[in-house]
Amino acid sequence: MKRQGVLIVLLALSAPALLAGCWGSSKDTSLNVGLTSTPAKVGSTQCTNTCHAATVDILGEAIATTWTSTTHTVDFSVQCEDCHGGGGEHWGTGPIPYPNPSAAACAATACHGGATPSTLGFDNTKHANANQSPDGSFSQISTSASSGRHIQECSRCHNPNQRFSFDSSGNLVKPVPSALPNPSVTCGSCHDGHQPAVATTAVPQRANASVYYPRFRNFLVSSATGAQVDNTLGTQINLTNDNLIFQGNGAVKSSGTLDNSSVVGTNNELHVERLCAACHTRGTYQNSGGATHQSDIYTEWKESGHGNRNAAAFAEFSANPPAYTNANTGLPFELGDHQTSYPFDMAITTVNATGPATTTKNAGKSNYACFKCHHGLASIAYQDNVEGTSSAHVLFGDMTVTCITCHNPHTDVTGNTKNTRKPLVMSKYSSTQATFQGNVFFDNTAVPSAAGNETICVFCHQGRESGFTLFKRRIASGTTVTGSFLNPHYLGTGAMLWARNGYEYTDNSTGTALPKSYGAVTAHQNTNCNGCHMASSSTSGLGGHTWKIIADDNSAVNSTTCNTSSCHNGRVPTTNAAGQMNTFYDNVVATIKDYDGDGTVEGVAQEITGLENLLITLRDNNGITYNDTSYPYFFIKGTTSSYTAWTRPQLKVAFNLQYVIKGLPSGVSQIGVPNRTAAVHNYRYIIQLLMDSYESLYNNTTGASGLGIPTPAALLANRPTGSRDATNYNPQTGGGYDPLQ
């Protein structure tokens, strides 16, 4: 029976097999062994039955007991000495090659290196500490603890599998001070080497097949902070594997059976982030009592939109939406089309898809495509381009965007840093009229290499449609323009930053089909997502993994980065009090323009809103009402019925209006509200799109000149210049643009 892997690479792990009670007096070579020959193997039975029958590992579990039922042993016949090296010279008193097996040993070609090549890059990650900073004595960190105790408390994160022994005077005995191991977060720092995975019984969608889920390292952490703690400190959480990838208290039981009545409140949540939080948040040094030195990443993440389980992006997709509160209404979320039933098999691509006669329908409702971004573990299948294949994993519970959604702890991608993931396929689009995939935006143009680490941001923050897909599906010759609105979806600011995915126009005013030009705020592209959303801040709750920027705060913060002489030169306010962020503008423009033609020069965010309002006025005159908080957003004027009698100019404008206003969706209407999101991410591109949309709809609206609104010519006189021609959605054989553009 073949068992299917789940989500996280299962490494050959490194919890030590040689612990107290089995060592003699010769310990000097126990950590950095210089053997002159390869010791012979004595067999796992000799290890577990003779020497280590009663030995517990660093997790406090009996080695012999866990080893006999481990997936390493039962399924793959991996023996003790396959990881720790031959014991022929050991016998309880001598050296053994690998007390703490290295990641390189686990990633050997015959083991995880061949099956999961990504692990071969582990030695180049920060976890592997290739540059030996910190060194074995942690000399660069100063605390009030003695040297040995200091090494012990730092090793909690930097060398977590190491055990420490002290004599009656408190002097470090083991490891030997003269032969300190090089600190390294190896496989066993996160995984349990003696029992790396647990298998459920058959999930409903996979007949006669069990599904692995990893068994993780058991850390004791604070329930409040997530940081590692001592047994004597407050309320703690014992991080067992069932609390991470698999939620045994929810709908899916450890036996593999289903009981949806067991979903009570929020008990179907997964908490994968807690394993990372054990080290990636600020805690307390074990002996000195001071605050640890690392960034408080877990606390920041909990305050972010990525970690907010009450956010609609995650609550609506949970197993129990009414257990979460909608911040905009103060009421519980209602049951809807996105409520998820688990297990959710990412190998099955469509809702209600059926396989062999013995399988059941896929769980959930219309979530499969949504889970690219709305489930932090499912997203990895899309990033690795394995969704819908037998390599895809099974989801057992609710998860937000979490640490491993954006970071791969096993490898650094070439060109990226901080273990940031780079999706194998950024965009995958399939319809009768347009099919493409690759490292492209949804307008089928390349994502620039300059996106760097932040390519992972664009993966979700570009919406789901573009001007290109709109043209191919609804505008081009031979397509049907009437019908439902083609929604660009939400949070398209990643593409917006790079001046992509809007509907771009040729020169409709002259009828010569010459391309218009489009451009970007290149300084913002150079700053990129992290430059603003993860900038250092002296104000608590801003920057870092909160992804919150200056505009999210009402107190004085540091805006020096924005207010340099080459950029805004003091025009970006230091607070958001009284809507100051609504009034800023770009110093690169010699004289700020009246983009919306109302006779008043305002901040960029206000000018953009003025352009939006002009389009809404024209739409209303076309018999269409726009409501940005109610799907499907465009209605027959005076009714609650969806508008479907589109003309091509109307549909193009509707797409761009939604693209701009829903760049940062809100539960309350943003119509008439200064659009800071569009202004900050790329005001030039947005103003160009809105002006061109206005020109198109004005010229195709009967009686537009009598509405008391500016002529297109008046607005276009102030149109920002662009650096590239409009995207040619349908190149003609003889050159030029499709006239319908």
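The values are calculated or read from the model by the stated rules, or taken from the named source; none is laboratory data. Computed from a prediction, not measured in an experiment: that's the story for all the values here. Here Cβ is always computed from backbone atoms with ideal geometry, including for glycine, and neighbour counts include all displayed protein chains.
Within the range 43-70, which residues are more than 23 Å from Arg163 (Cβ to Cβ), of a type in the set (S, T, N, Q) and either touching a His at 6+ places or on another chain (Cβ under 7 Å) or modelled with pLDDT of 75 or more (or both)?
The one that is more than 23 Å from Arg163 (Cβ to Cβ), of a type in the set (S, T, N, Q) and either touching a His at 6+ places or on another chain (Cβ under 7 Å) or modelled with pLDDT of 75 or more (or both): Thr45.
When you scan the range 302-321, do you find a residue that is farther than 30 Å from Gly188 by Cβ, crowded, with 23+ Cβ neighbours inside 10 Å and at pLDDT below 90, even just one?
No: the range 302-321 contains no residue that is farther than 30 Å from Gly188 by Cβ, crowded, with 23+ Cβ neighbours inside 10 Å and at pLDDT below 90.
Residues being in contact with a Gly (Cβ under 9 Å, 6 or more places away or on another chain), touching a residue at least 40 places away in the same chain (Cβ under 8 Å) and closer than 16 Å to Val572 by Cβ: count how many of those fall in the range 524-547.
Count: 1.
Condition (residue is free of Cβ contacts under 8 Å to residues at least 60 places away in the same chain, more than 28 Å from Ser155 (Cα to Cα) and assigned to a loop (DSSP other than H, G, I, E, B)) applied to the range 276-294: is it met by at least one residue?
no
Residue by residue, here is whether (1) part of a loop (DSSP other than H, G, I, E, B); (2) surrounded by fewer than 20 Cβ atoms within 10 Å (Cβ to Cβ); (3) of a type outside the set (Gly, Ala, Ser); (4) in contact with a Ser or Thr (Cβ under 9 Å, 6 or more places away or on another chain) holds:
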site: Gly452; (1), (2), (3), (4): no, yes, no, yes
site: Gly483; (1), (2), (3), (4): yes, yes, no, yes
site: His489; (1), (2), (3), (4): yes, yes, yes, no
site: Ala495; (1), (2), (3), (4): no, no, no, yes
site: His524; (1), (2), (3), (4): no, no, yes, no
site: Gly531; (1), (2), (3), (4): no, yes, no, yes
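Can you pull out the residues in the range 322-343 that are of a type outside the set (Ser, Thr, Tyr), under 17 Å from Asn268 (Cβ atoms) and surrounded by fewer than 17 Cβ atoms within 10 Å (Cβ to Cβ)?
The answer is Pro322, Pro332, Leu335, Gly336.
So which residues in the range 717-727 are surrounded by fewer than 18 Cβ atoms within 10 Å (Cβ to Cβ) and closer than 30 Å to Asp620 by Cα?
Ala717, Asn718, Thr721
Give me the residue from the range 497-522 that is modelled with pLDDT under 95 and outside any loop (DSSP other than H, G, I, E, B) and, out of that set, nearest to the chain's Cα centre (by Cα).
Result: Thr522.
Taking the range 380-401 as the search range and keeping residues that are in contact with a helix residue (DSSP H, G or I) (Cβ under 8 Å, 6 or more places away or on another chain) and part of a strand (DSSP E or B), which one is farthest from Ser304 (Cα to Cα)?
Per the criteria, the residue is Leu395.
Scan Asn682, Asn700 and give me the residue that is surrounded by fewer than 22 Cβ atoms within 10 Å (Cβ to Cβ), more than 23 Å from Tyr631 (Cβ to Cβ) and assigned by TED's automatic domain parsing to the domain that holds Leu470.
Among Asn682, Asn700, only Asn700 is surrounded by fewer than 22 Cβ atoms within 10 Å (Cβ to Cβ), more than 23 Å from Tyr631 (Cβ to Cβ) and assigned by TED's automatic domain parsing to the domain that holds Leu470.
Could you grab me the full set of residues in the range 652-685 that are in a helix (DSSP H, G or I), hydrophobic (A, V, I, L, M, F, W, C) and under 26 Å from the mean Cα position of the chain (by Cα)?
Val660, Ile661, Ala678, Ala679, Val680, listed by residue number.
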